[in-house]
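**Student:** Quick one: the structure is below, questions incoming.
The values are calculated or read from the model by the stated rules, or taken from the named source; none is laboratory data. Remember, it's a predicted structure, so these values are computed and weren't measured experimentally. Heads up, the Cβs are rebuilt from the backbone with ideal geometry, glycines too, and the neighbour counts pull from every protein chain shown.
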Amino acid sequence: MSPDLALSVHGVVKRFRTFGSSLDKMLEYLSFGLVRRHRTFHALNGVSFEVRRGECVGILGTNGSGKSTILQIVAGTMRPTAGTVSVRGRVAALLELGAGFSPDFTGRENALLNARLLGCDEEEAQRALSRIEAFADIGDHILQPVRTYSSGMYVRLAFAVAAAVEPEVFIVDEALAVGDHAFQTKCFARLRELRDRGATILFVSHDLQSVCDFCDRAIWMDRGAVRAEGDTKQVVDAYLTSLRARNSRSSGPVPCAPPPLLTRDQRSADLRGVGPRSGDGRLKIVGVEVLGSDPDPLCPPVDAKRPFDLVFTVEAGGSVARPNVWFRIAHLRGTTFMTAASVASGFDPGPLEAGDRFTVAFRMTLPIHHGIYAVGAYATDAAAGLPDDVLDGMETAFFLDVARHGGAPASHLLDLPAPATGSVKRGRSHQPSPSVLGAVA
């Protein structure tokens with residue numbers, strides 16, 4: 001393995017035997033394999049990838065795609081059926097909740113035991129114990145058996161142990177999903193610290209925004225194989241496109257195009273075929289374009305600090321008294337943090353008839369953390385009231401790629417202006433004396 005690599009996975013295959021019932025399993029074992037009662041399930045089919053030292057790689061995929069299986073093989077808790085895995089350095093893994101903990105041991109005893117299992121000697125484990133207890137922050141519960149712990153306390157202790165032993169390779173498989181927001185923030189800060197020190201991190205999460213924010217690269221796994229690998233945003237875009245296409249196929253016989261991703265290289269999109277969508281067809285949002293304030297084609301159209309125009313094109317399929325276009329921008333986790341409507345923002349195209357068309361441009365600045373955001377778009381008749389008469393609606397019309405401003409990463413979601421004013425009241429000791437004032441006069 002190359003010296004700059006922390007992990008090399010080559011041609012890994014994992015097969016499991018599944019049985020229809022316990023009786024089938026017993027019959028096959030008692031016949032020494034002469035009676036075949038099992039089926040073979042291929043969890044991994046020739047998985048290969050490499051991860052460099054100090055790199056953070058996100059692993060994406062739906063449930064059952066093989067993510068957890070490959071991580072267990074990398075962690076050494078499962079053997080592959082075929083293929084090779086080479087890992088350089090100490091590996092710490094957060095896989096299944098509570099894995100590696102003895103339920104009757106106290107939190108402190110489990111912390112020491114797991115530190116030893118992760119390769120620490122007795123002295124190292126004792127030195128790490130104070131850091132573990134401080135990070136876990138579960139108080140006197142550290143002296144209680146872990147069978148009395150909640151799921152949140154489990155993950156606090158498990159993460160604290162894994163992070164305290166300074167691993168060269170750190171594996172996180174959805175474990176942070178059960179932690180509260182404050183603890184998740186604390187964990188991500190610790191992960192960034194480990195990454196800055198040169199640790200390699202494999203990060204599995206269904207929270208695509210966290211993957212975009214945190215990972216240098218991404219690997220998309222599908223049905224036990226690597227479907228895509230490379231730049232995080234590009235892989236997330238491909239994954240989202242696949243999910244949308246799959247949902248469109250399953251929603252009915254009418255084929256729908258997946259929502260496009262607007263980036264520096266694709267600044268406009270035809271929305272005619274995007275779906276699923278609602279409405280009676282009297283209005284239809286047919287296109288969208290992003291116009292950045294910088295004419296340089298190499299400059300991203302949506303920068304977290306610069307204004308840009310979001311332009312919608314709308315066609316009328318019937319009579320509409322007061323056409324209105326509104327949109328919402330949401331985090332990939334689903335939280336909407338901005339909405340705007342054309343009529344409320346000052347643009348009223350007047351009554352439309354079938355065949356009429358209009359465009360509306362929203363000028364805005366998005367002072368938000370870089371990443372990919374979902375945009376829903378809707379056309380309504382404002383004369384009928386909102387949202388009583390939605391004529392065309394797409395919960396996700398397209399995705400918007402918001403670039404870093406100046407290449408600087410952000411640790412927060414919003415970067416809103418907050419001008420500061422104040423006053424200073426000097427103490428008596430800072431007042432000039434009357435004699436000094438007289439001399440100055």
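**Student:** Against the condition crowded, with 19+ Cβ neighbours inside 10 Å and either at pLDDT below 90 or assigned by TED's automatic domain parsing to the domain that holds A163 (or both), how does T232 come out, does it pass?
**Tutor:** Working: crowded, with 19+ Cβ neighbours inside 10 Å: yes; either at pLDDT below 90 or assigned by TED's automatic domain parsing to the domain that holds A163 (or both): yes.
When the stated conditions are applied, T232 passes them.
**Student:** Would you please name the residue that is farthest from H331 (Cα to Cα), looking only at residues in the stretch 201-232 that are part of a helix (DSSP H, G or I) and in contact with a helix residue (DSSP H, G or I) (Cβ under 6 Å, 6 or more places away or on another chain)? Break it down into steps so the answer makes sense when it comes.
**Tutor:** Here is the first cut: in the stretch 201-232, the residues part of a helix (DSSP H, G or I) are 208-214, 232.
Those left that are additionally in contact with a helix residue (DSSP H, G or I) (Cβ under 6 Å, 6 or more places away or on another chain): 208, 212, 232.
Numbers: L208: 10, C212: 12, T232: 16 Å.
Top of the filtered list is T232.
**Student:** In the list R79, R36, which residue meets the criterion of being among the basic types (K, R) and closer than 30 Å to I219 by Cα? Can you show your working first?
**Tutor:** Numbers: R36 fails: closer than 30 Å to I219 by Cα.
After ruling out the rest, the residue left standing is R79.
**Student:** I would also like to ask the following. Of all residues in the stretch 330-354, which are surrounded by 17 or more Cβ atoms within 10 Å (Cβ to Cβ) and β-branched (V, I, T)? Don't jump to the end; show me each part of the working.
**Tutor:** Keep residues of the stretch 330-354 that are surrounded by 17 or more Cβ atoms within 10 Å (Cβ to Cβ), which gives 330-332, 341-343, 349, 352.
Result: V343, single match.
**Student:** Here's something else I'd like to know. Does V375 satisfy being under 36 Å from the mean Cα position of the chain (by Cα) and at pLDDT 80 or above?
**Tutor:** Values: under 36 Å from the mean Cα position of the chain (by Cα): yes; at pLDDT 80 or above: yes.
Yes.
**Student:** So L413 ticks every box in (1) over 19 Å from the mean Cα position of the chain (by Cα); (2) modelled with pLDDT under 80; (3) not polar (S, T, N, Q) but one. Which box is left unticked?
**Tutor:** Among (1) over 19 Å from the mean Cα position of the chain (by Cα); (2) modelled with pLDDT under 80; (3) not polar (S, T, N, Q), the lone unmet condition for L413 is (1).
**Student:** Of the conditions (1) within 30 Å of Y239 (Cα to Cα); (2) at pLDDT below 90, F312 satisfies every one except a single condition; which number is it?
**Tutor:** Among (1) within 30 Å of Y239 (Cα to Cα); (2) at pLDDT below 90, the lone unmet condition for F312 is (2).
**Student:** Looking only at the stretch 134-158, which residues are surrounded by 14 or more Cβ atoms within 10 Å (Cβ to Cβ) and acidic (D, E)?
**Tutor:** D137, the sole residue that qualifies.
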